[in-house]
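Below is one structure, written out as structure tokens; the observations come after it.
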Amino acid sequence: MQRDVGSLPLAPALRARLVAAGFQTAQELLDTGPCGLSKEIGISKEEALEALQVVRQECHSDATQTAGAPGTSRKCTALELLEQEQAQGFIITFCSALDNILGGGVQLTKITEICGEPGVGKTQLCMQLAVDVQIPECFGGLAGEAVFIDTEGSFMVDRVVDVATACVQHCQLIAEAHQEEDHLKALETFSLESILSHIYYFRCRDYIELLAQVYLLPDFLSEHSKVRLVVIDGIAFPFRHDFEDLSLRTRLLNGLAQQLIIIANDHKAAVVLTNQMTTRIGQSQSTLVPALGESWGHAATVRLIFHWDNNQRLATLYKSPSQKESTIPYHITVSALL
Amino acid sequence: MALLRAALCPGLTAQMVPLLRASGVRTVVDFVSSDLEDVAQKCSLSYKALVAVRRVLLAQFSAFPANGADLYEELKSSTAILSTGIPSLDKLLDSGLYTGEVTELMGAPGSGKTQVCLSIAASMSLGLKQHVLFLDSTGGFTASRLYQMLQAQAEDEEEQLEALQRVQVTRVFDVYEMLRALQELRDSLSQQVLSSTGPLKVVLIDSVSAVIYPLLGGKQSEGLALMMQLARELKMLAREFSLAVVVTNQVTRDSSAGPLKPALGRSWSFVPSTRVLLQSKEATSEKTNTRRIASLAKSPRQPTGIQVVLDVGSGGAQELSPATPTQGL
């Protein structure tokens with residue numbers, strides 16, 4: 001395998017030294033061995049051994065992938081992907097108009113971003129989704145669990161209790177109407193206590209805690225394999241104040257976006273983020289645009305913007321790979337978002 | 001900058017290498033550019049042996065000048081022009097995607113880059129029966145949307161399923177994974193493994209800025225080095241195996257009111273030979289806006305500024321009824 005030295009995941013200073021010393025391919029590194037390597041570049045033997053381990057791992061994973069072993073590779077044909085997508089469910093929102101424009105509900109393995117002004121209903125929708133993901137399969141849900149990462153402190157447990165009670169009542173009505181066995185069995189485990197116990201809540205106070213939490217999330221999700229929803233309520237808040245270096249902010253945000261899409265993909269979960277709005281002052285007028293800049297707009301796969309029109313709340317689907325742009329009205333009631 | 005090693009070429013023995021290194025000749029470049037009489041005296045080696053080694057090293061490591069006419073003949077026989085399936089986009093690109101070159105689609109979020117890529121994949125796989133490799137780094141590849149586009153173009157279900165099988169999707173969310181995927185592609189093409197890849201002519205990468213952006217900025221230069229490594233891999237793939245490489249890129253602004261410009265900076269701007277900017281048309285009275293304006297920002301063959309209108313509606317990206325290219329701003 002002729003892997004170029006410049007493309008190996010080693011520390012940058014080490015990589016620069018290797019290139020300056022004249023090594024070009026990974027094979028040359030492996031041939032030289034740790035003693036020769038430490039002599040040539042002037043690093044300790046332990047560092048040379050570590051570097052060679054990394055190189056060997058890279059070359060071996062290359063070899064296994066070309067030999068056809070799947071492992072953790074994410075290669076497949078579009079036909080296989082289509083079958084996977086059709087078998088996947090959606091997380092319904094109980095607002096049929098919203099489900100329609102999203103194409104069935106919030107999609108798994110994708111990042112959905114909800115932007116809106118204060119008070120328009122973003123946290124309400126997040127709490128609704130955290131309850132809806134737990135609906136048992138016989139009622140059309142995913143029977144999953146939810147992770148809720150809160151950076152603004154806007155998670156109100158009593159509101160979740162209201163939504164969960166309404167959801168359980170709704171399922172009970174369906175069970176009474178249809179009178180099927182599995183419905184009744186599922187209702188035994190689907191109660192207010194079980195819903196609340198399957199929402200895992202994390203509170204992050206600044207961006208460092210948020211980044212750390214997201215980096216630790218894959219381990220958490222491997223232990224709790226039933227999690228199908230990760231909500232980050234308020235991704236803009238920790239990044240909007242106290243940042244002198246804007247290029248560092250862009251870099252951190254983009255790294256975060258890539259981490260989240262890896263989590264969404266590997267664990268078949270939906271990631272929902274909420275964002276704030278900011279004003280862009282144009283030549284003649286000012287417009288409200290989502291915060292965190294232009295490059296953040298590319299991070300989310302699906303973007304929903306909630307806004308007001310006089311006294312009516314509207315939701316616009318702004319970006320989606322499979323649905324058209326459209327706008328629908330919605331209300332917030334005691335039991336749900338409708 | 002290859003290091004001098006014992007078995008690099010016949011004539012360069014293991015005893016010569018440490019002697020040469022002691023007098024400061026470490027790489028091939030040092031060897032061929034140094035004065036051999038001096039080196040022979042300092043290292044007490046035979047002048048004839050050194051001249052012989054230099055001749056072999058030059059033959060092995062230098063690039064030979066090529067005749068322009070020969071290059072033209074080679075280009076004519078190896079370059080293919082692949083139609084994208086969207087007639088107005090073909091007009092913009094001077095009749096289609098040229099193999100051996102990197103084409104870039106750039107635009108703001110929601111401007112239709114992924115849709116155009118899916119449309120190209122659909123028409124190449126269905127119309128030209130070519131295998132397509134799609135490297136997805138944003139999670140935006142939706143197979144059901146591709147299926148929708150195929151259904152709009154072909155009636156026969158068998159054909160649609162076959163076309164779906166010809167599109168291979170690899171999800172890479174990290175620059176190292178992307179480099180590894182490109183390396184694997186290079187290995188499998190050079191070994192001519194036809195079983196799974198088939199006649200591959202198009203590689204679509206959506207998007208390249210998503211994997212590079214986490215490395216740039218923050219006063220570190222390793223990001224630039226990896227970006228240029230990626231650029232080199234793409235160009236080598238395109239040139240050596242006559243592939244058409246399509247990448248998508250973001251746009252940024254300098255300040256909150258400045259004009260849109262392509263992301264990844266000036267260094268990346270030299271990598272693609274053709275650049276197309278996608279923008280949303282100003283929303284008119286209709287509620288759903290599926291129209292996009294594609295303008296040519298950089299091209300080796302066409303004048304820049306040409307604009308065409310595309311419709312990224314249900315049937316895939318199509319041209320709007322009679323699309324006449326207008327001279328843009």
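Where a number appears in this text, it was derived from the coordinates with a stated rule and is not lab data. Since we're looking at a predicted model, the values are computed, not measured. Methodologically, a virtual Cβ is constructed for each residue, glycine included, from the backbone with ideal geometry; neighbour enumeration extends over all protein chains shown.
Between A:ILE332 and A:HIS307, the contour length at 0.36 nm per residue exceeds the Cα-Cα span by 7.7 nm. Each residue, A:ALA11 and A:SER284, gets one label point 7 Å from its Cα in the Cβ direction; the gap between the two is 5.8 nm.
Rounded to the nearest 0.05, the FRET efficiency derived from the C-beta distance between B:VAL56 and B:ALA154 at R0 = 56 Å is 0.45. Selection among A:THR109, B:LEU118, B:TYR213 by position relative to the dipole of the protein assembly as shown gives B:TYR213 as farthest towards the positive end (Cβ unit charges, Cα centre).
A Gaussian network model of chain B, with springs between Cα atoms under 10 Å, assigns the largest mean-square fluctuation among B:SER144, B:SER119, B:SER295 to B:SER144.
A straight Cα-to-Cα reach below 29 Å connects B:LYS76 with the lysines B:LYS91, B:LYS129, B:LYS201, B:LYS235, B:LYS298, residues fewer than 8 places away in its own chain not being considered. Helix-only arithmetic for chain A: the sum of -39500 (n - 2.57) across DSSP H runs with n ≥ 4, divided by the residue total, places the mean residue ellipticity at 222 nm at -14500 deg cm²/dmol. Taking every alpha-carbon pair in chain B and binning the separations at 10 Å intervals from zero gives 5, 22, 26, 20, 12, 8, 5, 1, 0 percent.
Under 28 Å of direct C-alpha separation, and excluding same-chain neighbours fewer than eight residues apart, A:LYS185 reaches these lysines: A:LYS226, A:LYS268. Estimated from the Cβ-Cβ distance and a Förster radius of 56 angstrom, the FRET efficiency linking A:LEU196 and B:ALA49 is about 0.10. Only one residue of A:LEU29, A:VAL272, A:VAL147 has its Cα farthest out toward the positive end of the dipole of chain A, where Lys and Arg carry +1 and Asp and Glu -1 on Cβ, and that residue is A:LEU29.
Each residue of the protein assembly as shown gets 197 Å³ once the volume of the Cα convex hull is shared out per residue. With a Förster radius of 41 Å applied to the C-beta separation of B:ILE81 and A:LEU248, the computed FRET efficiency comes to 0.40. Placing a pseudo-label 7 Å from each Cα along the Cα-to-Cβ vector at A:CYS35 and B:VAL32 gives an inter-label distance of 3.4 nm. The modelled label-to-label distance for the pair A:GLU83/B:ARG266, using points 7 Å beyond Cα in the direction of Cβ, is 5.2 nm.
Report the Cα centroid-to-centroid distance between region A:128-178 and region B:50-106 in angstrom, as an integer. Each part reduced to its Cα centre gives a spacing of 58 Å.
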